[in-house]
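Below you'll find the structure, written out as structure tokens, and then a few comments.
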Amino acid sequence: MVTEPENTMSSRRLALLPLLTACAHTPATEAPSRVPATQQPAVVAPAVLPSPTVISARLGCGAHGGDGDHVPLSRHLGLTVQLELSDPGDISIQTASWTLELAGRTVRADMHPLPAELLPGEPLSLSGDRYISQDQGEDLEQGVDSREEREPIDVLLEIGWTREEVTTTTSHSLALRPTGCFEPPE
């Protein structure tokens, strides 16, 4: 067995020392990959879009013409609503209409003035009326002797509005007692 003198082994070790030192200080060509900590995805709240809210509504009835016994020749219904925005922003109302059922027939009317801008803190009034048939008028007269006992009429209000080029339609169901020509007699 041939053994090298101790000086030879030490000199070999010393010769490798600069190479080991250089490898230890050489920067890596790629950043070490890091495993990100597990995070729950952020919950994003849906954007709150302002929408029209009905703050008051009145269903009125009018009569025109008639004979000597005050029987009207024609009648019409009119709905007036006041809208507001409770959320920030503003919207442009493009369409609005109301619909109800009387004596088995659908009564529908568009509302005006449109288009209209609805701004926060500034209520907007819209109205629309429609002539009704004699049968429909008689249907309205039910309960005319007592305002408290008169059945409310279901009215569907539909509003089409835009905000930032997005068009939306909202529906509002209203239960209203008509006022005007069918008020209880004094």
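The values are calculated or read from the model by the stated rules, or taken from the named source; none is laboratory data. As the structure is a prediction and not an experimental result, all values here were calculated from the model. Because the Cβ atoms are built from the backbone with ideal geometry, glycine has one as well, and the counts that use them run over all protein chains shown.
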> How many residues are in a strand (DSSP E or B) and touching a residue at least 40 places away in the same chain (Cβ under 8 Å) when one looks only at the stretch 170-180?
Replying inline: 6
> Inside the stretch 74-121, can you point out the residues that are charged (D, E, K, R) and in a loop (DSSP other than H, G, I, E, B)?
Replying inline: Asp87, Asp90
> Out of the stretch 73-101, which residues are more than 13 Å from Cys61 (Cα to Cα), in contact with an Asp or Glu (Cβ under 7 Å, 6 or more places away or on another chain) and modelled with pLDDT under 90?
Replying inline: Asp90
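Residue-wise test of (1) of a type in the set (Val, Ile, Thr); (2) surrounded by fewer than 17 Cβ atoms within 10 Å (Cβ to Cβ).
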site	(1), (2)
Thr95	yes, yes
Leu100	no, no
Pro115	no, yes
Gly121	no, yes
> What number goes with the only condition from (1) more than 17 Å from Gly60 (Cα to Cα); (2) at pLDDT 95 or above; (3) out of contact with any Asp or Glu (no Cβ under 9 Å at 6 or more places or on another chain); (4) not aliphatic (A, V, I, L, M) that Asp110 does not pass?
Replying inline: (1)
> Across the stretch 74-91, which residue is nearest to Pro120 (Cα to Cα) among those that are surrounded by 17 or more Cβ atoms within 10 Å (Cβ to Cβ) and of a type in the set (Val, Ile, Thr)?
Replying inline: Ile91
>> Exactly one condition in (1) modelled with pLDDT under 90; (2) surrounded by 14 or more Cβ atoms within 10 Å (Cβ to Cβ); (3) among the acidic types (Asp, Glu) is false for Asp129; which is it?
In response: (1)
> What pairs can you find where one residue is in the stretch 73-94 and touching a residue at least 24 places away in the same chain (Cβ under 8 Å), the other is surrounded by fewer than 22 Cβ atoms within 10 Å (Cβ to Cβ) and of a type in the set (Asp, Glu), and their Cβ atoms are less than 7 Å apart, with a gap of 6+ or different chains?
Replying inline: His76/Asp129; Leu77/Asp129; Gly78/Asp129; Asp90/Glu117; Ser92/Glu117
